[in-house]
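Asker: Sharing a structure with you now.
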Amino acid sequence: MKAVVFEEHGETNVLSYKDVEVPKVGPNDVLVKVKAAGANYNDIWARRGLPGLKIILPHVSGSDAAGVIEEVGNEVDKIKPGDEVIVHPSLSCRSCAACTNGQEFFCRDFRIWGFQTGPLDGGHSEYVRVPAVNVVPKPANLPWEEAGSLALVLMTVWRMLVTRARIRPGDNVLIWGGVGGLGTIAIQVCRLFNAYPIAVVSSDEKAGRAIELGAAYAINRTSQDVAKEVAGITERRGVEIVFEHVGAATFPTSVRSLKYGGSLVTCGATSGFEAITDIRFLWNKQLNFYGSHMASKAEFLDALRFVESGQIGPVIHSVLPLKDVAEGQRIMENNEVVGKIAYVPDGA
Ligand code: NAP
């Protein structure tokens, strides 16, 4: 089968589209014929290499995929060939206290599939093997490219806003990267809870897209002062929630933009890990800082119900052939993306 592989870290020229073996299923695994796979920022982190994180080489990235069950292991009884599924990309032991308490992300064996797994074990392939517990039924209303690029951002946003920051009706929510992969879902989750998404983006065109997607306000960070705009929109009170994933470049503005008692929730640091915090704001304004990482399968299934009902919909930037993963990564690295990029294998 074909897959997009890298054997050393570097720029996109280390990616090659080549033949690798179809994975063999173990007793509790399923083999999925991929109809579409998604692009995520962790594909880029893995390809570049991250200090302190072991990326197993040769590596196939891809933490999102959807497809049709081709084969099941001999212990698998609830899934059968022909079923249409989405991969839940959080791998864990499923038997420790954390896993049995719906907190798989605290399991000592927790791994993000397609990022921390390998060799050659990710979604940018024609076939993927995952544990049977890591697939969920594909919502019938979703086309393959949407189903294949949705899971990771959907569940991450759900946990960030619903479980961690406890979004409530009427909240103002400042969303960095308002039309990125996470941002497009965050806007819709805010609307689902009758909250007011304030999207930050880097062009007027993206600002227009954010408003179309449901943002109450859009701030162009290249021509406007974000903190000043937030002060104007909220009549100097600040926002109840800041949705963070940019890190060093935005953290001071995020903290300044919070209202008294407000909550910052973060899942990433695209621009750098070491962010400056004026901790006087933390105690004086009694702020809450929440970290968040992926989500439990239960949280993913909760969020999917609103996809099935049509209240949250994936936004597709482009659909590319699987061999063009390098082009997808270029689009993401240049901040051009609106929503998600999906990759489709030949003949899928
Ligand atoms: P994405 O689709 O590329 O969107 C990120 C957006 O961030 C960009 O569109 C860009 O929007 C904005 N941005 C980038 N650099 C910026 C800067 N210096 N200042 C302000 N805004 C900036 O990526 P994504 O899928 O949403 O993921 C975003 C981050 O979250 C990545 O670091 C990813 O690894 C992380 N993440 C973590 C988890 C987790 O569970 N821990 C899950 C998913 C993602 P504009 O240029 O329009 O402002």
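The values are calculated or read from the model by the stated rules, or taken from the named source; none is laboratory data. Keep in mind that what you see is a predicted model, and the values were worked out from it rather than measured. Note that we place each Cβ from the backbone using ideal geometry, even for glycine, and neighbour counts take in every protein chain shown. Heavy atoms of the whole protein, side chains included, go into the accessibility calculation; ligands, DNA and RNA do not. Shrake-Rupley method; radii C 1.70, N 1.55, O 1.52, S 1.80 Å.
Asker: How do the peptides 144-153, 110-119, 45-54 rank, highest first, by the average count of neighbouring beta carbon atoms within 10 Å per residue?
Answerer: 144-153, 110-119, 45-54
Asker: While we're on this one: Please list, or write none, the aspartates and glutamates whose alpha carbon is within less than 14 Å of the alpha carbon of LYS206, excluding same-chain residues fewer than 8 places away.
Answerer: Qualifying aspartates and glutamates at Cα under 14 Å: GLU336.
Asker: Under a crude label model (7 Å from the Cα following the beta-carbon direction), how far is ASN28 from LYS54 in nanometres?
Answerer: Label at ASN28, label at LYS54, 2.2 nm between them.
Asker: Name the residue from ILE175, LEU282, ALA210 whose Cα lies farthest towards the positive end of the charge dipole of the range 159-291, charges +1 on Cβ of Lys and Arg and -1 on Cβ of Asp and Glu.
Answerer: LEU282
Asker: Percent relative contact order of the chain, based on C-alpha pairs within less than 8 angstrom and at least six residues apart?
Answerer: 19
Asker: Got a sec? Which residues in the range 180-224 would a label at ARG305 touch, if it sits 7 Å along Cα→Cβ and we count backbone N under 17 Å?
Answerer: Hits in the range 180-224 for ARG305 at 17 Å: 189-190, 192-194.
Asker: So how far, in whole Å, is the C-alpha centre of the range 91-106 from the one of the range 257-277?
Answerer: The range 91-106 and the range 257-277 have Cα centres spaced 27 Å from each other.
Asker: Let me ask something else. For the range 329-344, take each phi angle, set θ = phi - 60°, evaluate the Karplus expression 6.51 cos²θ - 1.76 cosθ + 1.60, and give the result in whole Hz per residue in order, putting x for glycine and proline.
Answerer: Computed from phi, the couplings for the range 329-344 are 5, 4, 4, 5, 5, 8, 6, 8, 6, 10, x, 10, 9, 10, 10, 10 Hz.
Asker: Using only the heavy atoms of the protein chains and a 1.4 Å probe, how would GLU70, GLU333 rank by accessible area, largest first?
Answerer: GLU70, GLU333
Asker: By per-residue mean of other Cβ atoms within 10 Å, what is the highest-first order of 154-164, 97-107, 72-82, 234-244?
Answerer: For the peptides 154-164, 97-107, 72-82, 234-244, the packing ranking is 154-164, 234-244, 97-107, 72-82.
Asker: Starting from one equal scatterer on each C-alpha and no solvent at all, send me the Debye-based log10 I(q)/I(0) for the chain at q = 0.11 Å⁻¹, two decimals.
Answerer: For the chain, the Cα-only Debye profile gives -0.70.
Asker: Here's another thing I want to ask about it. Roughly what would the spin-label model give for LYS78 and LYS18, points 7 Å off Cα along C-beta, in nm?
Answerer: Result: 3.9 nm between the two label points.
Asker: Additional query: Kindly rank 122-131, 267-276 from highest to lowest mean number of other beta carbons found within 10 Å of each residue.
Answerer: Descending packing order for the listed peptides: 122-131, 267-276.
Asker: Using just the helices of the chain, give the 222 nm mean residue ellipticity in deg cm²/dmol: DSSP H runs with n ≥ 4 each add -39,500 (n - 2.57), and the total is spread over all residues, rounded to 500.
Answerer: My calculation for the chain gives -7000 deg cm²/dmol from helical runs alone.
Asker: Under a straight-distance cross-link criterion of Cα-Cα below 21 Å, which lysines are reachable from LYS18, leaving out those fewer than 8 residues away in the same chain?
Answerer: By straight Cα distance, LYS18 reaches LYS2, LYS33, LYS35, LYS323.
Asker: Could you tell me whether the range 237-332 comes out rounded, prolate or oblate from its Cα gyration tensor? Rule is a ≥ b ≥ c as square roots of the eigenvalues, rounded for a/c under 1.5, then prolate if a/b exceeds b/c, otherwise oblate.
Answerer: It comes out oblate by the Cα gyration axes.
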